[in-house]
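For reference, the structure is listed below as structure tokens.
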Amino acid sequence: MGKKLPYFPFYPGDWLKDPLLTFCSSFVRGLLIDIFCFAFECPERAVLKIAGKAMTREQLAESVRGNAQENHKGINQLIDLEIIKLTDNGTMYLSRMVREEDIREKRAAAGRASANSKQNAQQTSNKSSTNAQQNGNKSGNKKSASYSSSESTPIVPTSEPVGFTEFWESYPKKKNKGDARKAWKKLKPSSELRGEIMAAVEEQKSSLDWTREDGQFIPYPASWLRAEGWSDQAAPSVRPVEPIRHEAVAV
């Protein structure tokens with residue numbers, strides 16, 4: 001499991017529209033929220049284990065708040081509906097949270113790789129600037145003393161904020177770059193957050209909202225950054241079509 005986090009993603013739209021949850025009582029839905037929180041705190045996030053061993057239903061019922069007997073009935077219902085899933089050896093886990101954790105780890109890895117690449121490029125640039133300055137100083141020693149010091153000092157161009165160039169090149173709508181740069185500087189994303197942002201951009205590029213009508217509904221990059229668009233759940237690129245059911249007609 002990665003570092004301890006104080007929160008986990010929650011999508012109200014998915015929660016309200018999930019057809020399986022409509023079969024659950026208010027009590028069971030509340031129980032599921034407690035189980036989400038408990039699973040998030042487990043050493044192997046989203047996998048219900050204690051001391052490395054799979055929890056039993058009875059242990060889980062006693063570990064969350066409320067009446068253990070009623071909790072046990074609710075847990076059985078959640079397992080029957082496959083909202084809580086079981087591995088081959090019977091370990092309980094929450095598939096949505098497992099998937100979110102996998103995405104978070106991939107984004108963090110992408111962020112670290114991006115930061116390392118940027119750092120290596122910056123070190124190379126600094127080395128080149130130092131060499132240029134040393135060569136300039138050597139050349140300046142041969143010139144007349146009447147030259148001012150400013151003429152012998154190389155001008156080092158100002159670089160973009162760390163990670164912004166990669167973001168700008170990846171983001172599909174290249175509008176108002178200056179505004180986007182300001183939003184990026186204000187955000188000051190860490191290496192892990194940069195990874196999340198880059199992974200979210202790649203994911204949302206193929207979403208329905210970003211691909212329909214030639215990308216007309218893609219937000220401006222600065223607006224997307226200020227609204228924390230990387231936290232949004234991308235709509236699928238193709239809407240699922242329900243099969244047409246033909247009912248038999250009695251003759």
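The values are calculated or read from the model by the stated rules, or taken from the named source; none is laboratory data. Only a predicted model underlies this, so the values are computations on that prediction, with no experimental measurement involved. Here Cβ is always computed from backbone atoms with ideal geometry, including for glycine, and neighbour counts include all displayed protein chains.
Things worth noting here:
- Considering only residues in the range 1-46 that are among the small types (Gly, Ala, Ser) and either under 21 Å from Lys73 (Cα atoms) or at pLDDT 90 or above (or both), the one that is surrounded by the fewest Cβ atoms within 10 Å (Cβ to Cβ) turns out to be Ser26.
- Members of the range 191-218 that are over 14 Å from the mean Cα position of the chain (by Cα) and in a helix (DSSP H, G or I): Lys205, Leu208, Asp209, Trp210, Thr211, Arg212, Glu213, Asp214, Gly215
- Within the range 166-179, restricting attention to residues that are over 22 Å from Arg112 (Cα atoms) and surrounded by 12 or more Cβ atoms within 10 Å (Cβ to Cβ), the residue that is nearest to the chain's Cα centre (by Cα) is Pro172.
- Residue within the range 63-73 that is within 30 Å of Glu203 (Cα to Cα) and part of a helix (DSSP H, G or I) present: no
- Screening Leu20 against (1) within 27 Å of Lys106 (Cα to Cα); (2) in contact (Cβ under 8 Å) with a residue 60 or more places away in the chain leaves a single unmet condition, (1).
- Residue among Glu151, Glu169, Glu247 that alone is in a helix (DSSP H, G or I), farther than 30 Å from Pro12 by Cα and modelled with pLDDT under 85: Glu151
- Residue check, Trp210 out of contact with any Gly (no Cβ under 6 Å at 6 or more places or on another chain), buried (at least 16 other Cβ atoms within 10 Å of the Cβ) and touching a residue at least 12 places away in the same chain (Cβ under 8 Å): yes
Conditions (1) touching a strand residue (DSSP E or B) at 6+ places or on another chain (Cβ under 7 Å); (2) farther than 27 Å from Gly195 by Cβ; (3) in contact (Cβ under 8 Å) with a residue 40 or more places away in the chain; (4) among the aromatic types (Phe, Trp, Tyr), marked per residue:
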site	(1), (2), (3), (4)
Pro9	no, no, yes, no
Lys49	no, yes, yes, no
Ser63	no, yes, no, no
Glu70	no, yes, yes, no
Asp102	no, no, no, no
Lys106	no, no, yes, no
Ala110	no, no, yes, no
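- Considering residues of the range 221-241 that are among the small types (Gly, Ala, Ser) and part of a loop (DSSP other than H, G, I, E, B) only, the residue modelled with the highest pLDDT: Ala227
- Looking only at residues of the range 74-105 that are part of a helix (DSSP H, G or I) and more than 26 Å from the chain's Cα centre (by Cα), we find that the one that is surrounded by the most Cβ atoms within 10 Å (Cβ to Cβ) is Gly74.
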